[in-house]
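Shown next, in structure tokens, is the structure this report addresses.
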Amino acid sequence: MPITTEDVLRWITQAAQVFHEQRDYLTQLDAPIGDADHGVNMDRGFRAVLDKLPSLSGMDIGSILKTVGTTLVSTVGGASGPLYGTAFLRAGMVTAGKHELDEADVIEMLQAALDGIKARGKAHTGEKTMVDALEPALAAARKAQEQHESLAVLLRRAAEAAEEGMKATIPMLATKGRASYLGERSIGHQDPGATSSWLLLKTLAEVAD
Amino acid sequence: MPITTEDVLRWITQAAQVFHEQRDYLTQLDAPIGDADHGVNMDRGFRAVLDKLPSLSGMDIGSILKTVGTTLVSTVGGASGPLYGTAFLRAGMVTAGKHELDEADVIEMLQAALDGIKARGKAHTGEKTMVDALEPALAAARKAQEQHESLAVLLRRAAEAAEEGMKATIPMLATKGRASYLGERSIGHQDPGATSSWLLLKTLAEVAD
Amino acid sequence: MKKLINSPETVVKEALEGMAAMHPELIRVDLENQIIVRADAPVRGKVGVVSGGGSGHEPMHGGFVGRGMLDAACPGAIFTSPVPDQILAAMRAVNGGAGVFQIIKNYTGDVLNFEMAAELAQAEGIEVASVITNDDVAVEDSLYTAGRRGVGVTVLLEKIVGGLAESGASLEQVAALAKRVNEQGRSMGMALTSCTVPAKGTPTFDLGEDEMEIGIGIHGEPGRRRVKLAPAADIVEMLANPIIEDLGLKAGERVLAFVNGMGGTPLIELYIVARELARILKGRNITIARSLVGSYITSLEMAGCSITLLRVDDEMLRYWDAPVLTPALRWGI
Amino acid sequence: MKKLINSPETVVKEALEGMAAMHPELIRVDLENQIIVRADAPVRGKVGVVSGGGSGHEPMHGGFVGRGMLDAACPGAIFTSPVPDQILAAMRAVNGGAGVFQIIKNYTGDVLNFEMAAELAQAEGIEVASVITNDDVAVEDSLYTAGRRGVGVTVLLEKIVGGLAESGASLEQVAALAKRVNEQGRSMGMALTSCTVPAKGTPTFDLGEDEMEIGIGIHGEPGRRRVKLAPAADIVEMLANPIIEDLGLKAGERVLAFVNGMGGTPLIELYIVARELARILKGRNITIARSLVGSYITSLEMAGCSITLLRVDDEMLRYWDAPVLTPALRWGI
Ligand SMILES: Nc1ncnc2c1ncn2[C@@H]1O[C@H](COP(=O)(O)OP(=O)(O)O)[C@@H](O)[C@H]1O
Ligand SMILES: Nc1ncnc2c1ncn2[C@@H]1O[C@H](COP(=O)(O)OP(=O)(O)O)[C@@H](O)[C@H]1O
Ligand SMILES: [Mg+2]
Ligand SMILES: [Mg+2]
Ligand SMILES: [Mg+2]
Ligand SMILES: [Mg+2]
């Protein structure tokens, strides 16, 4: 089954719910290697997205994602605002006019989002950022597509890979973002941005299930 | 046996020792109803007095007490500096030229000291100050004199009365000094100045023993 | 005790050395006498304005020494009044022949020591006048206390009276304006945490995580009552209303509003306090003619604030606005 | 969490309202866009100088808005960069036709958001230039970090560059001086206690009674290392020496020495830090040409300090001394 406009709206709504619930958890993750605000930032941004929800009904998927992107840019601030904002803007561009997404569309969307983040943040894998959750997620999705898995399975694999990627940030030395200031002391902590990326993909997988 | 110049010097020396040892205790007493410095103040003043000790040898009792007074005025600060300073200055005036003090001399000295404090501080009994230790001490000394007690006994009685007066400050409502700002909350705490007065008299009694 | 110090004994002396090193163009520090004197003192023909008190209230008073404010400050040990010798040395250093004006906060220790210094200075032929500030409405001004404490008004008074003295006014005129400023100002303070006197090494009082003290002094003295922590809006009501009532401020009147930090409270919180104060004053139709927001009369690292309102007239405003050039207050020069 | 606030959500907005109420003659606050603009903006023909960043560093940046310094500040949420919309609104408000200069601290969030705002402003035909301050020697400036953080130099740069812009200089000249100031300045900070982000409600990190963090950032980020509490003299060595070495300061050179408090440290301690700094500089025969002592770039109620040294030339000194009229820095007017 493809992902519909309604699925996308449910995804956004549930993601907002998840970030509200995980607000303190994400903020706690940001304390030892950052500035203790990542959960607060994501929650603020997605609550603003929720406020936009009524105005999104009837829109195509691309327009919805673009609105999410501009809303995040306008309300999150910090590093994650421009990064997630750009991700959703780019995702919206490649899904412009669509009301359904199949496997290929979803992979294109994920690729665009990841490329957006990497371009904005000048980031690569292994630097202890959200990229470390998203890059393996995309790879897993591609692999599932090659194996002709359903969209639901494809997204579940992507979310699982994101979770592994997130956990793999724990032993990493940060070389991007605020955690990089800590040098060796950044080792041993899970990256908050990788965690929020996993939560986003997990929620999408749940919606598609 | 009268009090000699040497006794006075021993008194001063031992008082300095006592204030050094009781520095934290007096300061703790000053915390709940004052500004947590009385022990520090007395210790600073009497250490300065100790430094003057070599220059005091050969002086008469009046000159010694006057020097103690000016030293306390110059080094203690706060309320207790001018008060104890004036007390020793006045005590020095009534003992000028003397090398020995008998019962009458000692009572005259205590009276002058007390009058000096009351005049400087505009204080009366029952206001939760050093006066509440010194006033009963003087009364007890006079009574001992009437009973023809020895100087040693007279001073012991004075010290005991000072101790009782000091304890009697606990239930008092302060109406002078910093403790008065607390109103009802000043009740239940022992006055630090009454305590240092008791220590001074106790040390004198020990020296005369 | 966590402080940026070398040892409890050397705090005051070393801070004075720091001031001397950082502001050589504004002030001179006489370490022997432990006084801070404006660089060009004594100014001939000018009333010398001297203040002082225990240390631990920085920038008050040393930070207010300079053109248009104080001619000298005599800092005592932490929270302990200066001694007469110090005060006398300061009075001598700033005596330009027109007399010396003492600004004293109403604490037994300050009053007694400045009094003794004044007696000594007068014996040397120096003309002396003084004001004793007593603006703290947390303390009942009755026969049963040592009188109200001098707090925030002292800062405003030092600026205004310093401005007048700089203009060449006589000792009498300076004393008259000082009296008026003190009469027209009231303050009240509160603490979220206690301070720690370095020589003692532990907090003067203990407050629970959800408690605060209302009506504290500036020496870590506990307040009149301990209450549950409350929103800033409520705290400011507790502080501002007694001030407004005690001053009898009426609709249409003008004030200088001074929101002061106790040392450990950051500016962002003081501006929230300022917001609540502005709201209350607006509700009563009282105009904020001038304002001062910052930590100017502190109690070491205590967290908390105080509010001072001064009913201003044109003369006060003129000398408040007059140029000032000191380490802590500076404008117009 | 003990703070003078009403609720964690309203801290920034209410502090801005407090600023608006207290300084109507100096600044305008646009609450909708959450920006602070100098009262007479836009000034025709003048380069508009805009800065901003997360809140919690007060008085930086809002307290530096006014004649001779910033034309506008965009405060984000506590410790969170402002969003492009805000920055764009500020740029529009101060664009007097001579272009807008952005002063950005080197944090990923600040850089990205200001970058996006610049793109939007340029699309509207506003000429934009910028500087990214990166003076924190606690962070290695290597490929393996986001680069050094922008800290204390930002304050000095805003004053100096603001002075130049006020004199009518071009965007190019402003950018050139900003680049030089940033290159010639270095900082390092330390913390005795953590701060507490209001929305989080508990301290960002925990420090033992006998521990301190060396090399902290201004967002409650922990430092490079945790060490035993030490006397001020040793702490200042730990901060000043890496700065002096990184700057390559030589005997006979002149600096502007900036001793900054992190928010919860009182002035008396900062002057002890200043004393130790003066001693170290004197030992190396480096002259303190100008100084600034106080809490100007803070981290909420964190106790601690930072030191900034700026190697000054005559042009920098001229614009440092130039008149300034802002809520937090004021002289000459
Ligand atoms: N250059 C970058 N590229 C990609 N992701 C980044 C980069 N810098 C930071 N991040 C991500 O942003 C997260 C922090 O976001 P957040 O706490 O909201 O912003 P800030 O660091 O400004 O407080 C980090 O955990 C990391 O995953
Ligand atoms: N007016 C007064 N008359 C007599 N004694 C006083 C008066 N005011 C204060 N005292 C005494 O001084 C003591 C406090 O001394 P100290 O702590 O050294 O000075 P300060 O109160 O200035 O800090 C009080 O405990 C009290 O006994
Ligand atoms: Mg963060
Ligand atoms: Mg005391
Ligand atoms: Mg005292
Ligand atoms: Mg942040």
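Every read-out reported here was derived from the displayed coordinates using simple, explicitly stated rules and does not represent laboratory data. No experiment lies behind these values; they were computed from the predicted model shown. Note that each Cβ is placed from the backbone with ideal geometry, even for glycine, and that neighbours are counted across all protein chains shown.
Cβ crowding within 10 Å, taken as a proxy for footprinting-reagent exposure, orders D:160, C:333 from fewest neighbours to most as C:333, D:160. DSSP beta bridges fully contained in the stretch D:185-318 are about 70 percent antiparallel. Here is how the number arises for chain D: DSSP H runs of 4 or more residues each give -39500 (n - 2.57), the sum is divided by the residue count, and the result at 222 nm is -10500 deg cm²/dmol. Calculate how steeply helix B:103-121 sits against the longest principal axis of the alpha-carbon atoms of chain B, using the helix alpha-carbon long axis, and give the answer as 0 to 90 degrees to the nearest 10. Approximately 40 degrees, to the nearest 10. Where both partners of a DSSP beta bridge lie in the protein assembly as shown, what percent of those bridges are antiparallel, to the nearest 5? If we restrict to bridges inside the protein assembly as shown, about 55 percent are antiparallel. Its relative contact order, with pairs defined as Cα atoms under 8 Å and 6+ residues apart, puts chain C at 18 percent. Each residue of the stretch C:223-228 is assigned a 3J(HN,Hα), and the resulting list reads x, 7, 8, 10, 9, 5 Hz, derived from the Karplus form 6.51 cos²θ - 1.76 cosθ + 1.60 (θ = phi - 60°), x at Gly and Pro.
Looking at the stretch C:242-310, which trypsin sites (Lys or Arg not before Pro) are DSSP coil and have at most 11 other C-beta atoms within 10 Å of their C-beta?
Answer by residue number: C:250.
In this structure, the amide hydrogen of residue D:27, modeled 1.01 Å from its nitrogen in the peptide plane, lies closer than 5 angstrom to those of D:39, counting only residues at least 5 positions away or on a different chain. Taking the average, over residues, of other Cβ atoms within 10 Å as the packing measure, peptides D:171-183, A:142-154, C:144-156 rank C:144-156, D:171-183, A:142-154 from highest down.
What the pair-distance distribution of the stretch A:1-69 shows, using all Cα-Cα distances binned every 5 Å from zero, is 4, 18, 24, 19, 14, 11, 7, 3, 1 percent.
Averaged over peptide B:185-192, the number of partner chain Cβ atoms lying within 10 Å of each residue's Cβ comes to 1. For the stretch D:54-153, the list of GluC sites (Glu not before Pro) that fall in a loop by DSSP and count at most 13 other C-beta atoms within 10 angstrom reads D:124. Once the Cα atoms are used to define both axes, helix B:131-146 deviates from the longest principal axis of chain B by about 40 degrees. Please build a GNM for chain C, connecting alpha carbons under 10 Å apart, and tell me which residue among C:72, C:20, C:251 fluctuates the most. In the Gaussian network model the winner is C:251. The convex hull around the C-alpha trace of the protein assembly as shown, projected and averaged over every direction, spans 43.7 square nanometres. Counting Cβ atoms of other protein chains within 10 Å of each residue's Cβ and taking the mean over peptide B:34-47 gives 6. Count Lys and Arg as plus one, Asp and Glu as minus one, and take only other residues whose Cβ is under 12 Å from that of residue A:36; the net charge is then -2. The ranking of C:128, C:100 from fewest to most other beta carbons within 10 Å of each one's beta carbon is C:128, C:100. Principal axis analysis of the Cα atoms in the stretch C:68-110 yields extents of 30, 18, 17 Å, listed in decreasing size.
Here the 3J(HN,Hα) profile of the stretch C:14-20, calculated from phi with Karplus coefficients 6.51, -1.76 and 1.60 at θ = phi - 60°, is 6, 5, 5, 5, x, 4, 4 Hz, Gly and Pro shown as x. Comparing chain D with the 2.2 N^0.38 Å rule of thumb, its C-alpha radius of gyration ratio is 0.94 (two decimals).
The alpha carbon gyration tensor of the stretch C:149-303 gives principal lengths a ≥ b ≥ c with a/c of 1.5 or higher and a/b no greater than b/c, which makes the shape oblate. Counted by Cβ distance under 12 Å from residue D:104, the other residues give a net charge of -1, where Lys and Arg count +1 and Asp and Glu count -1.
Working note: Karplus 6.51/-1.76/1.60 with θ = phi - 60° gives the stretch C:310-326 the couplings 10, 6, 9, 10, 4, 5, 4, 5, 4, 7, 5, 6, 4, x, 9, 9, 9 Hz, where Gly and Pro are set to x. Ordered by the count of other Cβ atoms within 10 Å of each Cβ, fewest first, D:133, B:13 give B:13, D:133. Among the GluC sites (Glu not before Pro) in the stretch C:14-57, those located in a DSSP loop and surrounded by at most 13 other Cβ atoms within 10 Å of their own Cβ are C:25, C:32.
What percentages, rounded to whole numbers, describe P(r) for the stretch B:3-208 computed over all alpha carbon pairs with 10 Å bin width beginning at zero? Bins of 10 Å from zero give 10, 38, 38, 13, 1 percent of pairs.
Kindly express, to the nearest 10 degrees and within the range 0 to 90, the angle between helix B:5-21's C-alpha long axis and the longest C-alpha principal axis of chain B. Computed tilt is about 30 degrees. Taking every alpha-carbon pair in the stretch D:8-184 and binning the separations at 5 Å intervals from zero gives 1, 9, 19, 23, 22, 15, 7, 3, 0, 0 percent. Around the Cα centre of the protein assembly as shown, unit charges on the Cβ atoms of Lys, Arg, Asp and Glu (plus for the first two, minus for the last two) sum to a dipole of about 1680 debye. Note on chain B: helix-only mean residue ellipticity at 222 nm, from DSSP H runs of 4+ residues weighted -39500 (n - 2.57) and normalised by residue number, equals -23500 deg cm²/dmol. Spatial offset of the stretch A:166-209 relative to the stretch C:1-52 amounts to 52 Å, using the alpha carbon center of each.
Between residue C:227 and residue A:14, what's the calculated FRET efficiency when r is the beta-carbon distance and R0 is 35 Å? Round to 0.05.
Details: r = 43 Å, r/R0 = 1.24.
According to the calculation, E is roughly 0.20.
Counted over chain C, the DSSP beta bridges are approximately 55% antiparallel.
Take the Cα of residue C:39, step 7 Å toward its Cβ, do the same at residue C:127, and the gap between the two points is 3.0 nm.
Counting Cβ atoms of other protein chains within 10 Å of each Cβ in D:190-201 and taking the mean gives 4. A cut-off of 5 Å between modelled amide H atoms, ignoring neighbours fewer than 5 places along the same chain, links residue C:53 with C:74, C:76.
For residue B:191, the residues whose amide H sits under 5 Å from its own are B:169, B:170, ignoring neighbours fewer than 5 places away on the same chain, with H placed 1.01 Å from N.
Roughly speaking, what is the centre-to-centre gap between the stretch C:253-314 and the stretch C:165-239 when only Cα atoms are used, to the nearest Å? For the stretch C:253-314 versus the stretch C:165-239, the Cα centre distance is 12 Å. Partners of residue A:202 within straight-line reach, counting aspartates and glutamates whose Cα lies under 16 Å from its Cα and excluding those fewer than 8 residues away in the same chain: A:7, A:21, A:132, A:135, A:160, A:163, A:164. Between copies, the label points at residue A:206 (set 7 angstrom from Cα along Cα-to-Cβ) are spaced 7.4 nm, reported in nanometres from shortest to longest. What net charge do the residues around residue D:222 carry, taking every other residue with its C-beta under 15 Å from that of residue D:222, with Lys and Arg at +1 and Asp and Glu at -1? Result for the neighbourhood of residue D:222: -2.
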